[in-house]
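S.K.: Here it is, the structure in full.
Coordinate-derived values only; no laboratory data. Fair warning: this is a prediction, and the values are worked out from it, not measured in the lab. Please note: Cβ atoms are built from the backbone with ideal geometry, for glycine as well, and neighbour counts cover all protein chains shown.
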Number of protein chains: 2
Amino acid sequence: MKKEETTEHQILDAAKDVFQSKGMDGARMQEIADKAGINKAMLHYYYRSKQLLFEAVFKNAFSLLAPQLNTILNDDSTVEDKIRNFTGDYTSFMMKHPYLPNFIINELYRNEDFILKLKDNTGFPNLEKFKASVDDEINKGILKPIDADQLFVNILALNIFPFLGKPLVKALTKKDEKEYKAFIESRKTEVANFIINSIKQH
Amino acid sequence: MKKEETTEHQILDAAKDVFQSKGMDGARMQEIADKAGINKAMLHYYYRSKQLLFEAVFKNAFSLLAPQLNTILNDDSTVEDKIRNFTGDYTSFMMKHPYLPNFIINELYRNEDFILKLKDNTGFPNLEKFKASVDDEINKGILKPIDADQLFVNILALNIFPFLGKPLVKALTKKDEKEYKAFIESRKTEVANFIINSIKQH
DNA sequence: ACATTTGTTAACCATCTGGTTAAACCTCTT
DNA sequence: AAGAGGTTTAACCAGATGGTTAACAAATGT
């Protein structure tokens, strides 16, 4: 039997759907069981409680994002290349997992100490190398002076917000679903240009 | 009796606290009643149902944000001034209402058609004048070419994201509460500079 | 073949939750 | 002082919800 067909994995899969679209509070154990096509008691057999099942889903979701961040933050390319790669890759990834950003941001907000459990985990993103690269390129006169933390948050903001605020963005800019998708698609390069424009010395 | 002391207003006030910190699904009518110091039946007497009480809270919250956006979008200053004013004002405002961004973004996400009810409402932000200003300044050679919608979303993203993703930002940049506040404080000018740097012709 | 462990189910349970009701309580007006 | 209208409360209710149990089935080991 393949791993994807085990009951335990089917539960996690269904739980992912339900938790990510409805949140911890809005999710119902019965709905997860129905979606997985199994008896509700199995949820408790494999994961003991709603809280633990939720944590399994959350850690899974987070571990999907973190490595992407790490790879790009820690490679040896220039800051400009890091930004261009990140912006393209991250946006592509988000388009495939539209619920992910909201789920993570929101559950993290509602349970602030939850992030401590993640920090211990291997693969929690580390900014040191990125910051060193930024400072180095500033000293060499390639980049204008900027605090590396501020730059990093700006990069995250510009890439993640359009997904977090999708309904708001659609309403304010008066775009339908198709136009919104095109808008996001063009951000893959637009955002990188916007950032590079701002920080590159010329 | 002052307006703030009426039962109806006390309910709305308590409901605001509970809904904004726990969301629609996590909020409990009993908790709202307790916080307001009144009997639970009064919630239904004045607002009929949880859904309607929630909508009252939500519209209230949204109507706090929308005018701010409008004022700045529709005044007659230059795009640079709009951006500088908005960035400073909005960040100050958010620091006083830290739950607001998450509440609005999240509930809007979970109930997409909900924004339609707001659109009819007077004071829903309109971008036309802002877009005209941007296009005008591009033609005059003051700004580099950029799609006004993209610029607008960038402005929102850079201003709102640090609040939405507070726990993530704190964890990734390894800041405690005090350092985070200083970080946000310095964004009041940093973000405007970052944007202007990127779009201004030189 | 038999016993032990592991997986699965239907039925059940205590508690919680949004919402209702009927009676009591003001606070005016006449 | 009595009636009328809105306001407030305690008690209640039906349905939902996370979780448990006991019996049963399917593997697994010996």
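S.K.: Let me have the relative contact order for chain A, percent, based on Cα pairs under 8 Å that are six or more residues apart. Could you put the intermediate results ahead of the total?
M.R.: Values: 146 pairs, mean separation 44.4, N = 202.
Once normalised by length, the contact order is 22 percent.
S.K.: So what are the ³J(HN,Hα) numbers for the range A:168-183, from phi and the Karplus equation (6.51, -1.76, 1.60; θ = phi - 60°), rounded to whole Hz, Gly and Pro as x?
M.R.: Result, rounded to whole Hz: 5, 4, 4, 5, 5, 8, 6, 10, 7, 4, 5, 5, 4, 4, 5, 4.
S.K.: Residue by residue, what Karplus-based ³J(HN,Hα) values in Hz, rounded to whole numbers, does the range A:70-78 have, using 6.51, -1.76 and 1.60 with θ = phi - 60° and x for Gly and Pro?
M.R.: Per-residue couplings from phi come out as 4, 3, 6, 5, 9, 7, 9, 7, 5 Hz.
S.K.: Sticking with this structure for a sec: May I ask you to report, in nm to one decimal and beginning with the shortest, the distances from B:H97 to the same position in the other copies, taking label points 7 Å along Cα-to-Cβ?
M.R.: Those label-point separations list as 3.2 nm.
S.K.: Take the alpha-carbon positions of the protein assembly as shown, form their convex hull, and give its projected area averaged over all directions (one quarter of the hull surface) in nm².
M.R.: Across all orientations, the protein assembly as shown yields a mean hull projection of 22.9 nm².
S.K.: Next up: At 222 nm, what value in deg cm²/dmol follows for chain A if DSSP H runs of at least 4 each add -39500 (n - 2.57) and the sum is divided by all its residues, to the nearest 500?
M.R.: Numbers: 11 runs with 156 residues, N = 202.
Dividing the helical sum by the residues of chain A leaves -25000 deg cm²/dmol.
S.K.: Continuing with the same structure: Taking R0 as 25 Å, what's the FRET efficiency between B:K40 and B:N121 from their Cβ-Cβ distance, rounded to 0.05?
M.R.: On the way: r = 29 Å, r/R0 = 1.17.
Step by step, r from the Cβ atoms, then E = 0.30.
S.K.: If we hang a label 7 Å off Cα along the beta carbon direction at A:G123, how far is it from the matching labels on the other copies, in nm, shortest first?
M.R.: 4.6
S.K.: For B:H9, place a label point 7 Å out from Cα along the Cα→Cβ vector, do the same in each other copy, and report the separations in nm, one decimal, smallest first.
M.R.: In nanometres, ordered from closest: 6.0.
S.K.: What is the sum of charges around A:N70, taking Lys and Arg as +1, Asp and Glu as -1, for the other residues whose C-beta is under 15 Å from the C-beta of A:N70?
M.R.: On the way: positive: A:K82, A:K119, A:K129, A:K131; negative: A:D75, A:D76, A:D89, A:E128.
That works out to 0.
S.K.: Explain nothing, just the number: dipole magnitude of chain B about its Cα centre with +1 on each Lys and Arg Cβ and -1 on each Asp and Glu Cβ, in debye rounded to the nearest 20.
M.R.: Dipole of chain B, to the nearest 20 debye: 520 debye.
S.K.: Binned at 10 Å from 0, what are the whole-percent values of the Cα-Cα distance distribution for the range B:1-157, short to long?
M.R.: Spelled out bin by bin, the range B:1-157 gives 9, 33, 29, 17, 9, 3, 0 percent.
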